[in-house]
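First up is the structure itself, then whatever we jot down about it.
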Amino acid sequence: MEEKKILEVEGLETSYDMIKALKGVSISAITGKLTCILGPNGAGKSTLLFTLAGILNPDRGKVIFEGEDITNQQTSNLVEKGLALVPENRLIFPHLTVQENLLAGAYARLAKEREIVEQDISEMYARFPVLKERSSQLGGTMSGGEQQMLAVARALMSKPKLLLMDEPSVGLAPLIVGEIFSIIKQLNEEGISIVLVEQNASKALEIGDYFYLLDQGKQIFGGSREAILKENIIKKAYLGESAG
Amino acid sequence: MEYIQISIDGILYGSSYSLIALGFSLVFGVMRRINLAYGSSLLLGIAAALWVENKLNFSIIFFIPTVLIFCSLSNLYVERVCFAPHNTKAGVVVSMISSFAIWMQLDEISAQLLPDRTHSFPSLEVSTFEFGELFFRGDQILNIFIAFIISAILFLAVYKTKYGIILRAVSNSADTAKLMGCNTNLVNSLTFIVAGVIGGIAAFLVLSTESQVTPLFGFWCTLKGLVAMMIGGLGSLVGAFWGGLLLGLLEAHLSYQFGPVFREITTFSILLIVLIIRPGGLMGVNIYKDLKSRDERI
């Protein structure tokens, strides 16, 4: 089967002031698949997502989204093209109600398609019933798991083709983590391509199709689930060479 | 009866504080930053409008929009110079200090435009009302009415419209709003322009009741507006409105009791008391509690 690449990254290098966080990362994400980026703290996973989403500008390298070079483009353009980021720690708007958070997520379409946006919100409520119960509650007063669902729903409001997710499991109880991962899996099955950054490698291995391993800003592995399980490379990356 | 009269005068006078505080509050609410050059940019707007009016000699109907345009332009200038280049977390202090520096620059330009110490200002020909033994100045009634209307419009715009959602999203977290595809730069610039228009209206109303401009007007605006906003509540639009009225009321009573010197003493004493007892202002969020609860909740 011919597999189309929705996202291609070539030799990406990004730095924060003097510190180089990405030292040449090349990954690709296949349309409709779930691509996981694993790696320990400080590996550059979040930097990679921020660069893809246009928050940070790379020093070198190329980002190609659906065949179009999107390197150095503004975030607002990227959102309109169908790229959405669910940030780490959720970062919902704490003083906006759940409904307003969702409206803010549809920012790019708010002016033109108000009615369609309203429909999409009801769709989100059908998908996440807990958000409907809380629709007029301030975002900041919800539990972590509910906030994570809100963050996902808010990102979906921009109708993304590719969803970038930064550590959705961080700071959540194991039971909630399971729930969030099943939502991610379900979204992927519905046809949204996902790039998932995770520290929780065992959870990611359960649902991912393709895996990349980053360590200290460099990519040390890339391949399918079978390959990553065979090479036992995760242990090496997290625990050092001797563990392998 | 005289206490009632003083209360009325105080509240009416305080409505001009309310208007200026609204401009401060809007900028603080959206950007979480204090613009110390606000009063000076209003003075510059007024000075530029007077300068143009002197050259062209047009009527008051054209003068008012000229004031608003110049006030928003000078406010936009402050935003471009002091706020736009420092939009990181570390830039909060930088933009406040640079706005302090720009304050000097703007005051100098205003002094060049209006070389006399005092300059006459066109006043609205509004008569005084009598109600029993009480006197109401027509222009001050207009002032409080406009202050009320503007705060109501702002409140509705911020809390009930889609633009308001975007504004509050930027206020909550500019970085996250950017992720939603929002052009935060544009939102900030527009906020400063709107604050300039509100400030322009306030400046026009205040100066037309006094019929003159002095070079100290900029400092007066910054001081009273800032204090009224801090009393009412940081970033709270309703709070700014009531804070201004309360400040005017207390100033009027205390300066009547103890002499006009007490006007300024009152301003600073109230500020001090509010900052000690309730740092977030009377109607604002309790900032410390708010931050704590945000960190606690996971």
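Taken over the C-alpha atoms, chain A has Rg and Dmax values of 17.8, 59 angstrom. Only Lys, Arg, Asp and Glu carry charge here, each on its Cβ (+1 for the first two, -1 for the last two); on that basis chain A has a dipole of about 220 debye about its Cα centre.
Taking the number of Cβ atoms within 10 Å of each Cβ as an exposure proxy, the fewest-first ranking of A:Tyr210, B:Tyr256, B:Tyr38, A:Tyr107 is B:Tyr256, A:Tyr210, A:Tyr107, B:Tyr38. Along the axis of the charge dipole computed for the protein assembly as shown (Cβ charges of +1 for Lys and Arg, -1 for Asp and Glu, origin at the Cα centre), the listed residues B:Met104, B:Cys71, A:Gly54 are led at the positive end by A:Gly54.
Between A:Ser136 and B:Ile97, the modelled labels are 4.7 nm apart [label points 7 Å from Cα along Cα→Cβ]. Mean-square fluctuation check for chain B, GNM, Cα pairs under 10 Å: which of B:Asn54, B:Asn87, B:Asn75 is largest? Highest fluctuation among the options: B:Asn54.
For the protein assembly as shown, the spread of Cα positions along the three principal axes, ordered from largest to smallest, is 92, 47, 46 Å. Of all aspartates and glutamates in the structure, those lying under 16 Å Cα to Cα from A:Lys45, and not within fewer than 8 positions of it along the same chain, are A:Glu8, A:Glu10, A:Glu13, A:Glu88, A:Asp166, A:Glu167, A:Glu198, A:Asp215. Simple spin-label estimate for B:Ile276 and A:Ser202 gives 5.7 nm between the two label positions (7 Å along the Cα-to-Cβ direction from each Cα). For chain B, the equivalent ellipsoid derived from the alpha-carbon gyration tensor has semi-axes of 30, 25, 18 Å in decreasing order. Using θ = phi - 60° in the Karplus curve 6.51 cos²θ - 1.76 cosθ + 1.60, the 3J(HN,Hα) couplings for the range B:189-194 round to 4, 4, 4, 5, 5, 5 Hz; x is entered for Gly and Pro. Over the range B:80-205, the hull volume per residue, using the convex hull of the C-alpha atoms, is 162 Å³. Bridgeable aspartates and glutamates around B:Lys162 (alpha carbons under 13 Å apart, same-chain partners fewer than 8 residues away excluded): A:Glu100, A:Glu113, A:Glu115, A:Glu118. If R0 is 30 Å, the Cβ-Cβ spacing of B:Val261 and B:Phe145 corresponds to a FRET efficiency of close to 0.45. Computed from the C-beta positions of A:Ile220 and A:Lys185, the FRET efficiency with R₀ = 22 Å rounds to 0.30.
Geometric descriptor of the range A:91-158, per residue, is 70 Å³ (volume of the convex hull of the Cα atoms). Label reach from B:Glu133 (point 7 Å along Cα→C-beta): in the range B:1-22, amide nitrogens under 18 Å belong to B:1-10. Counting every other Cβ atom within 10 Å of each residue's Cβ, A:Arg127, B:Arg33 order from fewest to most as A:Arg127, B:Arg33. Show that you can apply the helix-only estimate: for chain B, add -39,500 (n - 2.57) for every DSSP H stretch of four or more residues, divide by all residues, and state [θ] at 222 nm to the nearest 500. Using -39500 (n - 2.57) per qualifying helix, the result is -25500 deg cm²/dmol.
Exposure proxy ranking for B:Cys221, B:Cys82, based on other Cβ atoms within 10 angstrom of each Cβ and starting from the fewest, stands as B:Cys82, B:Cys221.
Checking the cross-link pairs A:Lys4/A:Lys81; A:Lys132/A:Lys203; A:Lys33/A:Lys81; A:Lys185/A:Lys230 against a 26 Å limit on the alpha carbon distance flags A:Lys132/A:Lys203 as lying beyond it. Taking a straight Cα-Cα cut-off under 18 Å and skipping sequence neighbours fewer than 8 places away in the same chain, the lysines within cross-link reach of B:Lys160 are A:Lys112. Looking at the range A:111-144, the GluC sites (Glu not before Pro) that sit in a DSSP loop and have at most 16 other Cβ atoms within 10 Å of their own Cβ are A:Glu113.
Karplus-derived 3J(HN,Hα) values for the range B:263-272, using 6.51 cos²θ - 1.76 cosθ + 1.60 with θ = phi - 60°, are 4, 6, 4, 4, 3, 6, 5, 4, 4, 4 Hz; glycine and proline are entered as x. Under the convention that each Lys and Arg Cβ holds +1 and each Asp and Glu Cβ holds -1, the size of the dipole of the protein assembly as shown around its Cα centre is about 720 debye. Look at the stretch B:81-88: the mean tally of other chain Cβ atoms within 10 Å of its residues' Cβ atoms is 0.
Backbone phi angles across the range B:170-185, fed through the Karplus curve with coefficients 6.51, -1.76 and 1.60 (θ = phi - 60°), yield HN-Hα couplings of 4, 5, 5, 7, 5, 5, 5, 4, 4, 4, 7, x, 8, 7, 5, 4 Hz in residue order; Gly and Pro are listed as x.
FYI, it's all coordinate maths here, none of it is from the lab. None of the values given here were measured: they were computed from a predicted structure. Ideal geometry is used to build each Cβ from the backbone, glycine not excepted, and the neighbour counts take in all protein chains shown.
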